[in-house]
1. So which trypsin sites (Lys or Arg not before Pro) in region 435-533 end up in coil per DSSP with only 14 or fewer other C-beta atoms within 10 Å?
2. If you plug each phi of region 463-469 into the Karplus form 6.51 cos²θ - 1.76 cosθ + 1.60 with θ = phi - 60°, what whole-Hz ³J(HN,Hα) values come out, in order, with x for Gly and Pro?
3. Checking the table K345/K538; K334/K395; K231/K479 against a 28 Å threshold on Cα-Cα, which pairs fail?
4. Using the Karplus curve 6.51 cos²θ - 1.76 cosθ + 1.60 with θ = phi - 60°, work out ³J(HN,Hα) for each residue of region 255-264 in order, rounded to whole Hz, and write x for Gly and Pro.
5. Could you compute how much accessible surface Y254 exposes when probed at 1.4 Å, giving the result in Å² to the nearest 10?
6. What is region 120-207 by shape, rounded, prolate or oblate, if you read a ≥ b ≥ c off the alpha carbon gyration tensor as root eigenvalues and call it rounded for a/c under 1.5, prolate for a/b larger than b/c, and oblate otherwise?
7. How much length is gained on full extension from S239 to Y175, taking 0.36 nm per residue of separation minus their Cα-Cα distance?
8. Just to check, using Stokes-Einstein with a Kirkwood Rh over alpha carbon pairs, what's the diffusion coefficient of region 233-383 at 25 °C and 0.890 mPa s in µm²/s?
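The values are calculated or read from the model by the stated rules, or taken from the named source; none is laboratory data. Please read these numbers as outputs of a predicted model, since none were measured by experiment. Backbone-built Cβ (ideal geometry, glycine too); neighbour counts: all protein chains shown. Protein only, heavy atoms only, side chains kept; ligands, DNA and RNA dropped before computing areas. Shrake-Rupley method; radii C 1.70, N 1.55, O 1.52, S 1.80 Å.
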Amino acid sequence: MLKTAEDYDNSLILNVDNGKKVLKISLSKKKNNYLYAPGQEIYFSSGSFGWETEDETVNVCRNRIFVIIGLFLFIYLVIVIRLFNVCLVDGIQINREAISYYRPKSGLVFPVHRANITDRNGVVIATNLPTVNLFTNPKKVSNAKLIAQKLTEIFPDISYEDFLIKLTRRSSFVYLKRNISPQQQAKVNALGFPELEFQPSEVRVYPQKELLAHVLGNTDIDNNGIAGLEKSLNDRLSSSTKDLRLTIDLGVQYVVREELIKAKKKFNAERATAVLMDINTSEIIALSSVPDYDLNKRGFKDKDIKFNFATLGVYEPGSVFKVFNTALGLDSGKIKITDSFDATKPLKMGRHLITDYRVPAKWLTVGETLIHSSNIASALMALKVGKTLQIKFLKNLGLFDKIENLEIYEKGRPLHRSENYWQDDTVATTAYGYGISVTPIHIITAFSSILNGGIYTPPTLTFESNRKSKRVISTQTSKDMRKLLRDVVIYGSAKNANIDGYEVAGKTGTANKLENGKYVKGKNITSFVAAFPVSDPKYALIVVLDTPKGSKETWGFTTSGWNAVPTGANIISKVAPLLNVQPNYDLDTQRLNVYKSYTDKN
């Protein structure tokens with residue numbers, strides 16, 4: 001039953017205040033004549049009881065909503081700033097060592113990333129490709145014989161017995177086949193054996209195959225370096241995603257290797273090697289040794305093809321050492337460029353005689369000593385300088401020690417007598433490259449320092465190496481040596497390298513081959529060192545042939561001028577344009593006129 005206002009002692013009067021309905025308490029006992037329906041709103045004046053109005057309530061709710069929205073915006077802003085800082089500023093830090101050794105219970109291993117290797121122009125020469133490994137838990141294998149039979153059909157290079165042994169092994173994890181192809185993976189899946197599982201992995205591949213075999217080396221099945229640069233820089237390559245950029249020029253490398261292969265075949269040599277170097281920075285532009293092998297293939301039984309002659313092949317270099325002997329004499333001040341030496345008769349050293357091969361029996365100047373490659377005159381020059389200065393000079397050229405900083409793992413250590421046993425006979429024979437054995441990389445590095453102005457810089461294959469240069473001879477001595485070695489190419493045994501326009505300077509070397517402690521008659525190791533263009537040297541080259549054979553074309557001769565020199569000339573004529581070496585034919589014309597006057601007098 002509805003009640004009216006009359007039922008209360010104090011009547012409620014509904015008034016309108018500024019357009020708002022309010023309920024006011026009246027002290028009057030006057031009865032009201034209207035009723036309040038159920039649900040009808042009754043508003044109270046804030047002035048009467050302190051209750052809020054409608055507008056005040058809405059404002060409070062609105063303010064609370066704004067506060068909550070602002071709080072959410074602040075939280076999202078903090079998250080966005082943190083993500084930006086982690087992903088774009090600091091980068092995502094990955095503990096690769098932990099990942100590499102982590103193996104979950106399923107047997108899966110996160111593939112180890114290995115940095116790419118590129119040549120100096122950014123061409124990729126070593127990279128990784130994704131692959132998978134086939135593995136199983138032998139304890140879960142229910143039908144080992146059937147699985148082994150089926151796998152043999154997919155992988156014919158592995159015998160049934162080998163698969164069966166792996167499938168019945170007492171272990172919870174075994175590799176059945178590493179680095180399988182997508183086609184092989186599909187065939188294994190089609191067998192329907194749940195025991196056979198796959199593990200994501202990576203395989204190292206070499207797009208250029210044999211081209212850089214002895215520079216790069218290769219990796220094992222777990223992507224760890226086992227030879228060459230891959231081994232010596234294994235930590236760098238396995239811990240960084242940054243490409244490793246080499247000083248090698250792929251185009252030049254191709255030319256050098258092709259010419260070596262031709263020379264090895266043409267002269268029937270056992271092996272051949274060549275190194276092309278920036279003469280001023282000692283950056284190696286090309287390094288090749290043949291025979292070589294495809295880096296993508298493993299398991300070669302013939303270790304001979306893996307031998308890096310350029311950095312590991314220690315040998316007696318012969319007459320190319322006369323370059324260092326002459327530079328020593330001139331720089332010491334004990335030899336003047338106008339001095340002459342008696343080469344009219346053999347030089348007796350104890351029980352041995354030092355003789356010449358096809359050299360005029362007369363007094364020879366310093367220049368003629370190099371042109372005719374006289375052992376006698378070179379020995380007399382060295383004896384005049386003496387043991388102490390000779391040893392000090394050779395050490396300063398790095399010819400007594402292994403080149404430690406060179407990035408290739410396989411490096412040979414020079415062989416020489418102890419200083420206590422370094423007597424006059426050693427001084428004399430060392431002058432023309434006997435009694436001391438070094439590698440081709442030792443020779444070309446020291447040769448570069450003689451012709452580049454006198455600065456020795458250790459060789460390198462990367463742009464990341466830290467090297468210190470040092471002066472080994474004076475600038476004037478270096479200039480004198482350029483002229484003397486240019487004359488060797490114009491007038492001497494290196495005439496076949498006198499390429500029009502490129503001003504080649506160089507020196508030949510032919511040394512008897514030492515086998516089992518004895519020199520073998522008819523077996524030689526021939527060398528040719530060169531620089532071009534000699535008026536402003538840019539590049540240095542060494543070519544070495546091991547045991548070249550005579551032919552009708554060489555009139556049966558096996559000396560350097562008939563094999564190593566033309567090989568070097570072919571390389572220079574083809575790589576000079578690639579290296580942007582501009583030919584200068586004017587200087588060649590001047591040299592030709594000088595040569596004609598020289599031949600007329602002699």
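1. Counting only loop positions with at most 14 other Cβ atoms within 10 Å, the trypsin sites (Lys or Arg not before Pro) in region 435-533 are R467, K468.
2. 8, 9, 7, 9, 10, 10, 9
3. K345/K538; K231/K479
4. Once rounded to whole Hz, the list reads 4, 4, 5, 4, 5, 5, 4, 4, 5, 4.
5. 120 Å²
6. Prolate, since a/c reaches 1.5 and a/b exceeds b/c.
7. Residue separation times 0.36 nm, minus the Cα-Cα distance, leaves 20.5 nm.
8. 127 µm²/s
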